[in-house]
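Report on one structure; see the data block that follows.
The values are calculated or read from the model by the stated rules, or taken from the named source; none is laboratory data. All values derive from a computational prediction rather than experimental measurement. Note that we place each Cβ from the backbone using ideal geometry, even for glycine, and neighbour counts take in every protein chain shown. Only protein heavy atoms, including side chains, enter the accessible area calculation; ligands, DNA and RNA are left aside. Shrake-Rupley method; radii C 1.70, N 1.55, O 1.52, S 1.80 Å.
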Amino acid sequence: METTMLARLNKDHRHIAILLNILKVKYRRLADGEAINFNLIRDVVEYMQSYAEHSHHPLEDLIYSYYLKKLAMTEPDDKLAQQHQELIEASASLMSSLNLILSDVVVSKEQLVLDLKSYVSLQQEHMYYEDSVVFPQWAKVIDDTDWREIQALCTLKLIDDPLFSDNDNVLFEELREYISKDE
């Protein structure tokens, strides 16, 4: 059972890494003065908001809460929750800038490059922390019975990935096509 939940989170991280690489390419091209597809960047950020922030992170928060109760920790490390909040704020700020650009409002190219770079860095640091510290801790402490309970608790948080699942969802169509051409 453990492998099911952690495998899902790890798979999400692999998918997010693909999107972060797209953002890296885009902000480097933008910094070099090349024209870029802002709709595509907005789709990446929108995906992060709609899936990562509304399913992936809440799932991690729920597992973390379960983990803390199991250890009877009275003074938990809030790093995970703080990172999730920072990512929500960073993506909201980035989305605001992108929406301005797509509405033909002038936004500083340099500031956008910095914001994109910062966002990618925040996401990468967060995933590294989870992959190297959080997930291994969970794997040591949470047993199969616990994972079954967690699975039951998470059913409301678990949604199909709107970009990387095999459903015929038309959301993120342009981004899906871009990724398939890039591979």
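Within the stretch 160-180, restricting attention to residues that are over 16 Å from Ser50 (Cβ atoms) and at pLDDT below 80, the residue that is farthest from the chain's Cα centre (by Cα) is Asp168.
Residues that are closer than 15 Å to Lys79 by Cβ and open to solvent by 40 Å² or more (accessible area, probe 1.4 Å) within the stretch 118-127 comprise Leu122, Glu125, listed in sequence order. Residues in the stretch 47-78 that are more than 10 Å from the chain's Cα centre (by Cα) and not in a loop (DSSP other than H, G, I, E, B): 14 in all. Mind checking whether some residue in the stretch 51-58 is more than 15 Å from Asp161 (Cα to Cα) and open to solvent by 60 Å² or more (accessible area, probe 1.4 Å)? Checked against the condition, which is being more than 15 Å from Asp161 (Cα to Cα) and open to solvent by 60 Å² or more (accessible area, probe 1.4 Å), the stretch 51-58 yields no hits at all.
Quick check on Glu110: is it open to solvent by 40 Å² or more (accessible area, probe 1.4 Å), over 29 Å from Asp78 (Cα atoms), of a type in the set (D, E, K, R) and part of a helix (DSSP H, G or I)?
Details: open to solvent by 40 Å² or more (accessible area, probe 1.4 Å): yes; over 29 Å from Asp78 (Cα atoms): yes; of a type in the set (D, E, K, R): yes; part of a helix (DSSP H, G or I): yes.
Yes.
When Glu130 is tested against the conditions (1) open to solvent by 50 Å² or more (accessible area, probe 1.4 Å); (2) under 29 Å from Ser65 (Cα atoms), the lone failure is (1).
One residue stands out in the stretch 59-101 among those that are among the acidic types (Asp, Glu) and closer than 20 Å to Trp147 by Cα: the one that is surrounded by the fewest Cβ atoms within 10 Å (Cβ to Cβ), namely Asp61. What about Leu171, is it aliphatic (A, V, I, L, M), assigned to a loop (DSSP other than H, G, I, E, B) and under 16 Å from Ile63 (Cα atoms)? So Leu171 does not fit the description; no.
Among residues of the stretch 69-83 that are closer than 16 Å to Val141 by Cβ, those with a Cβ under 7 angstrom from a residue that is open to solvent by less than 80 Å² (accessible area, probe 1.4 Å) and part of a loop (DSSP other than H, G, I, E, B), sequence gap 6+ or separate chain, pair up as Lys70/Ile142.
The residues of the stretch 75-116 that are closer than 18 Å to Val44 by Cα and acidic (Asp, Glu), listed by number, are Glu86, Glu89, Asp115. The requirement of being open to solvent by 40 Å² or more (accessible area, probe 1.4 Å) and at pLDDT below 90 is satisfied by Leu153. For the stretch 23-38, give me the residue count where each residue is surrounded by fewer than 19 Cβ atoms within 10 Å (Cβ to Cβ), more than 17 Å from Ala90 (Cα to Cα) and within 18 Å of the chain's Cα centre (by Cα). Final tally of qualifying residues: 1. Pairs meeting the criteria (first residue in the stretch 116-131 and farther than 23 Å from Arg29 by Cβ, second residue part of a helix (DSSP H, G or I) and open to solvent by less than 40 Å² (accessible area, probe 1.4 Å), beta carbons under 6 Å, at least 6 apart or on different chains) are His126/Gln83; Met127/His13.
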